[in-house]
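Working notes, structure below.
The values are calculated or read from the model by the stated rules, or taken from the named source; none is laboratory data. Predicted model, so just to flag it, every value in this text is computed and none were measured. No Cβ is skipped: glycine too gets one built from the backbone with ideal geometry, and neighbour counts run over all protein chains shown. SASA here: full protein model, heavy atoms, side chains in, ligands and nucleic acids out. Shrake-Rupley method; radii C 1.70, N 1.55, O 1.52, S 1.80 Å.
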Amino acid sequence: MMKKVLTRIGLLLLILDIAAIIFFFYIDKFSYAYGLMLVLFIVFSGMGGIYRLRNDEYMFKKLNSRNDYEDYTR
């Protein structure tokens with residue numbers, strides 16, 4: 001339930017941010033638009049780092065489980 005709510009909030013903020021970038025370019029406020037683009041870049045970079053960390057943790061657990069280790073050593 002909580003994940004669904006956070007996903008909706010995240011999508012809403014993403015849409016608002018993209019709309020704000022377009023609006024600021026339209027009214028010739030380039031520094032604000034580029035600042036919002038930087039915020040988007042930082043958010044997506046952070047999300048990529050989190051997903052990579054989760055994947056590394058999953059692979060570590062998968063490769064260090066007893067059954068997989070026995071399969072690799074046979």
Before I look further, what does segment 1-53 give for accessible area per residue, probe 1.4 Å, in whole square angstrom? 88
Roughly how much of Y58 is accessible, in Å² to the nearest 10, using a 1.4 Å probe? 130
Helix 30-63 vs. the chain, principal-axis angle (Cα, 0 to 90°, nearest 10): 10
So what does I27 come to for accessible area, using a 1.4 Å probe and Å² rounded to 10? 70
Could you give the length gained by full extension between L53 and F41, i.e. 0.36 nm per residue of separation minus their alpha carbon distance, to one decimal place? 2.5 nm
State the label only: which of (i) 0.94; (ii) 1.00; (iii) 1.30 corresponds to Rg/Rh (Cα atoms, Kirkwood Rh) computed from the shown model? (iii)
Using a 1.4 Å probe over the heavy atoms of the protein chains, calculate the carbon and sulfur portion of the accessible area of the chain as a whole percent. 69
When the chain is treated as a Gaussian network with springs between alpha carbons less than 10 Å apart, the largest mean-square fluctuation among F44, F60, F23 is found at F60
Förster radius 30 Å - calculated FRET efficiency between L11 and L63 (Cβ-Cβ, nearest 0.05): 0.30
